[in-house]
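Every read-out reported here was derived from the displayed coordinates using simple, explicitly stated rules and does not represent laboratory data. Quick caveat: nothing in here was measured; it's all calculated off a predicted structure. Cβ placement follows ideal geometry from the backbone for every residue including glycine, while neighbour counts extend to all protein chains displayed.
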Amino acid sequence: MKNPWKTLAKRDIYENNWIKLEEHDVINPAGGNNIYGKVHFKNIAIGIIPVDEEGNTWLVGQYRYTLDAYSWEIPEGGGPLGIPPLVSAQRELREETGLIAKKWEHFLTLHNSNSVTDEVALIYLAEDLEQGDDELEETEADLVVKKLPLKEAIAMVMRGEITDSMSVAGLLKLARMKNF
């Protein structure tokens, strides 16, 4: 389908190591002039759902500064552009949980908040697990790792105890794939 938007001008407003904020002068599909803000992400969002032979998974809990709230999530992180996403997924799983998986499957691609960002999220299923040592980053000093039945993690989504979009979408799709 042809893009109905026309960009007249673009300005960089702010930039750091993770994001760039742009302001665009546009003509919208109805022909009106608008200003459109776009957040460009410099990494791919990576999420991993580890599942062991007994049907358990691992969640990580941490205080999210942007939400001013505690959040339970699947292991997640950023994958630098130019590095294969699977390599980033393997690194993130090891960093946050200490787990090493021998079997990997990419099973979901998401566009988080696509009305204002270009962020792409990839969700992986990690199986055939082996426990190693975690390698937490400085911002993850308060990270709590919880092993629980996959069915309980899905129940947490249904009770509204997990609200992170990648976690919700990944766990619900996996539940459907596993016929839970």
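Observations, loosely collected:
- Nitroxide proxy distance, nm - points 7 Å out along Cα→Cβ at residue 3 and residue 180: 3.9 nm
- Restricting the range 11-75 to chymotrypsin sites (Phe, Trp or Tyr not before Pro) that sit in a DSSP loop and have at most 15 other Cβ atoms within 10 Å of their own Cβ leaves 18, 65.
- Remark: the residue 145-residue 39 segment gains 35.1 nm on full extension, using 0.36 nm per residue and subtracting the alpha carbon distance.
- Of the GluC sites (Glu not before Pro) in the range 8-61, the ones in a loop by DSSP (not H, G, I, E or B) with at most 13 other beta carbons within 10 Å are 53, 54.
- Take every pair of alpha-carbon atoms less than 8 Å apart whose residues are at least six positions apart; their mean separation over the length of the range 85-129 yields a relative contact order of 38 percent.
- The mean sequence separation of alpha-carbon pairs under 8 Å and at least six residues apart, normalised by the residue count of the chain, gives a relative contact order of 22 percent.
- DSSP-defined beta bridges in the chain - what % are antiparallel, rounded to 5: 85 percent
- Extension gain for residue 130 to residue 30 (0.36 nm times residue separation, less C-alpha to C-alpha distance): 30.5 nm.
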